[in-house]
1. Scan segment 64-111 for residues that are over 20 Å from G33 (Cα atoms), out of contact with any strand residue (DSSP E or B) (no Cβ under 6 Å at 6 or more places or on another chain) and among the small types (G, A, S) and report the count.
2. Considering each of S100, S105 in turn, give the residue that is of a type in the set (S, T, N, Q) and surrounded by 19 or more Cβ atoms within 10 Å (Cβ to Cβ).
3. Kindly indicate whether G294 is over 21 Å from D121 (Cα atoms) and not in a helix (DSSP H, G or I).
4. Report the residue count in segment 244-274 for those that are in contact with a Gly (Cβ under 8 Å, 6 or more places away or on another chain) and in contact (Cβ under 8 Å) with a residue 40 or more places away in the chain.
5. Do we have any residue at all in segment 249-263 that's at pLDDT 80 or above, assigned by TED's automatic domain parsing to the domain that holds G288, under 30 Å from D55 (Cα atoms) and among the aliphatic types (A, V, I, L, M)?
6. Looking at segment 77-84, is at least one residue of a type in the set (K, R) and assigned to a strand (DSSP E or B)?
7. If we keep just the residues of segment 249-270 that are under 23 Å from I227 (Cβ atoms) and out of contact with any Leu (no Cβ under 6 Å at 6 or more places or on another chain), which is surrounded by the most Cβ atoms within 10 Å (Cβ to Cβ)?
8. Consider segment 11-29. How many of its residues are surrounded by 13 or more Cβ atoms within 10 Å (Cβ to Cβ) and either without any contact (Cβ under 8 Å) to a residue 24 or more places away in the chain or in a helix (DSSP H, G or I) (or both)?
Amino acid sequence: MNTAITNQETFIIDANVRETYMNRIDVLEKVKGLLLLPNVGYATTKQVAEFYEVDRVTLNKVMERNKNELIEDGMCYKRYGEVTNEVNRQDVNLLSLGVSYRGTSVFPRRAILRVGMLLRDSAIAKEVRTQLLNIEEKATSEAKVSDISEEMHLQMAVSQAFASEDINTLAQAVTQLMKFKQRHITEIENKLQEQKAVIQTLAKEETQYKDPKKLLRKLVNHYSTLIHGTVSTNRGWIDLRRHLVNKLEKGINLKSRRTNARKSNPRASYISVIHPEEFKIIIPAMVGICVSSGVDVSDIMKDA
């Protein structure tokens with residue numbers, strides 16, 4: 001299996017990853033000038049859509065599917081009068097900024113950043129995610145330099161203790177150096193486990209599977225057996241189809257497709273209505289469901 005990992009996908013599918021970066025609201029200004037309502041620290045739905053250069057329908061879907069996260073970030077609905085009082089400026093046309101007389105949803109910077117992590121196809125959102133990844137890469141490089149410096153210092157301490165022929169000092173210096181090395185071995189092992197999960201979850205856009213239909217059946221059946229105790233009730237497929245409708249920006253409605261297909265073919269299955277190009281999206285989605293539920297699929301993916 002030839003896999004090219006798109007790291008940006010981790011933001012879209014993993015709420016824990018998003019939460020890790022929620023303090024980096026500074027990237028919004030680096031990517032594009034962010035316009036907020038005057039005198040307040042939030043933007044309207046219209047302003048957020050314009051910032052990410054998407055239509056309101058696309059933004060509304062993201063809001064609906066990730067409502068709880070966005071509410072925790074401070075997204076809320078405000079009436080026209082509330083916004084007018086908070087802005088407190090006579091020279092501002094609130095209607096033109098997206099505040100209708102009924103009101104509008106408003107987004108603090110944290111919520112605006114989260115939207116950027118969730119919008120799949122927006123060029124601006126992609127750049128936001130790129131900036132976040134660049135920050136992580138820079139931090140990793142700085143940490144490596146610091147680690148090299150620390151290791152050199154510990155090695156020098158060992159050399160000096162050896163030269164002084166002080167057994168106690170030498171023992172202490174060697175112990176400190178071994179602790180340093182053991183700490184890094186543990187960190188590497190943990191990182192490998194994380195990467196393994198990411199690869200399983202995100203083996204996506206450039207992946208060529210030997211037999212995508214067979215692979216998807218294996219994944220769903222394995223998940224159904226471990227989570228629901230059976231493969232005969234379609235529970236695994238139901239979980240997958242709900243995920244595809246509710247969690248993808250451009251939802252895939254397998255239930256509707258199968259219902260239509262059964263008008264001419266009563267035996268039509270969920271897998272029979274999946275378009276060939278969609279397997280590169282649906283298989284990683286199923287892997288993600290498995291991983292988040294604690295279902296190990298590494299053996300299945302080895303021969304994919």
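The values are calculated or read from the model by the stated rules, or taken from the named source; none is laboratory data. Quick caveat, the model's predicted, so the values are computed rather than measured. Neighbour counts run over all protein chains shown; Cβ positions are idealised from the backbone, glycine included.
1. 2
2. S105
3. Here the answer is yes, as G294 does meet what is asked.
4. So the answer is 1.
5. Yes: segment 249-263 contains one or more residues that are at pLDDT 80 or above, assigned by TED's automatic domain parsing to the domain that holds G288, under 30 Å from D55 (Cα atoms) and among the aliphatic types (A, V, I, L, M).
6. yes
7. L254
8. 10
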